[in-house]
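Note sheet for the following structure.
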């Protein structure tokens, strides 16, 4: 179980006030992406910090979202420990929900659930928590877990076991998810489920995959983004 943000380790450049980021931050983009403009990157060390204190109800919700997405639990409030209402899953529209509770092992990568009549999909995985499993149960469970590449597997095995879901990964990254039930091979498109297609895109990792859902939702993993720290982590893993 991850702890909460440590006020004693508050980043010295975080804006004065009750909300803060501590120095355990690993410099991922997760909190900055869910609270843009409010949580920003400190150019001198790459860590996140509050540029200002949230004021409106909407900004406070963003701050809580940043706190609950942070993989090191480095975002917090001096007195409050939990939001009054859950801020995840976050409904992004089109049946897509961002799950939050990002995993440190995935360097803060996001994961999603797509609610579909033929069976729900999880794209990549967060850390294991009842704060994810409970809402997914309410959405109808999981039929498939689609792993975009080796770096963003996190606790997919526990979610697969809990929900009885099939797990998909490319053969070139299969050692990161030896429990996978279904493998994508080569570079040709593969049908995963009804109107769900996997497109191998080797590059970021040898087994990187894009998933196209219902002809208009594309989940790219890290194939359409680049972060130098994640690339260095990947290079280290590949060399080992």
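The values are calculated or read from the model by the stated rules, or taken from the named source; none is laboratory data. Keep in mind that what you see is a predicted model, and the values were worked out from it rather than measured. Every residue, glycine as well, gets a Cβ built from its backbone with ideal geometry; the counts of neighbours run over all protein chains shown.
Tabulated data for the structure shown
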| quantity | calculated |
| --- | --- |
| Residue match in the range 103-117 (condition: in contact (Cβ under 8 Å) with a residue 24 or more places away in the chain, over 20 Å from residue 30 (Cβ atoms) and touching a helix residue (DSSP H, G or I) at 6+ places or on another chain (Cβ under 8 Å)) | yes |
| Residue among 40, 21 that is over 24 Å from residue 129 (Cα atoms) and not in a loop (DSSP other than H, G, I, E, B) | 40 |
| Candidates 86, 71, 54 - the one that is more than 25 Å from residue 154 (Cβ to Cβ) and in a loop (DSSP other than H, G, I, E, B) | 54 |
| Residue check for residue 139: without any contact (Cβ under 8 Å) to a residue 60 or more places away in the chain and either in the same structural domain as residue 218 (by TED's automatic domain parsing) or within 13 Å of the chain's Cα centre (by Cα) (or both) | yes |
| Residue 95 touching a strand residue (DSSP E or B) at 6+ places or on another chain (Cβ under 7 Å) and surrounded by fewer than 20 Cβ atoms within 10 Å (Cβ to Cβ) | yes |
| Verdict on residue 172 being in contact with a helix residue (DSSP H, G or I) (Cβ under 7 Å, 6 or more places away or on another chain), assigned to a helix (DSSP H, G or I) and crowded, with 19+ Cβ neighbours inside 10 Å | no |
| Number of positions in the range 201-218 that are in contact (Cβ under 8 Å) with a residue 24 or more places away in the chain and either farther than 26 Å from residue 161 by Cβ or surrounded by fewer than 21 Cβ atoms within 10 Å (Cβ to Cβ) (or both) | 7 |
| Matching residues, the range 100-146, being closer than 20 Å to residue 196 by Cα, part of a loop (DSSP other than H, G, I, E, B) and in contact with a strand residue (DSSP E or B) (Cβ under 9 Å, 6 or more places away or on another chain) | 110, 111, 115, 116, 118, 119, 120, 124, 125, 142, 143 |
| Residue list for the range 190-205, filter: outside any loop (DSSP other than H, G, I, E, B) and more than 23 Å from residue 117 (Cβ to Cβ) | 199, 200 |
| Condition met for residue 154 (under 17 Å from the mean Cα position of the chain (by Cα), outside any helix (DSSP H, G or I), surrounded by 18 or more Cβ atoms within 10 Å (Cβ to Cβ) and at positive phi) | yes |
| Residue that is surrounded by the most Cβ atoms within 10 Å (Cβ to Cβ) [pool: residues in the range 1-40 that are touching a helix residue (DSSP H, G or I) at 6+ places or on another chain (Cβ under 6 Å) and over 21 Å from residue 152 (Cα atoms)] | 39 |
| Where residue 76 falls short, out of the listed (1) within 30 Å of residue 16 (Cα to Cα); (2) without any contact (Cβ under 8 Å) to a residue 40 or more places away in the chain; (3) in contact with a helix residue (DSSP H, G or I) (Cβ under 6 Å, 6 or more places away or on another chain) | (2) |
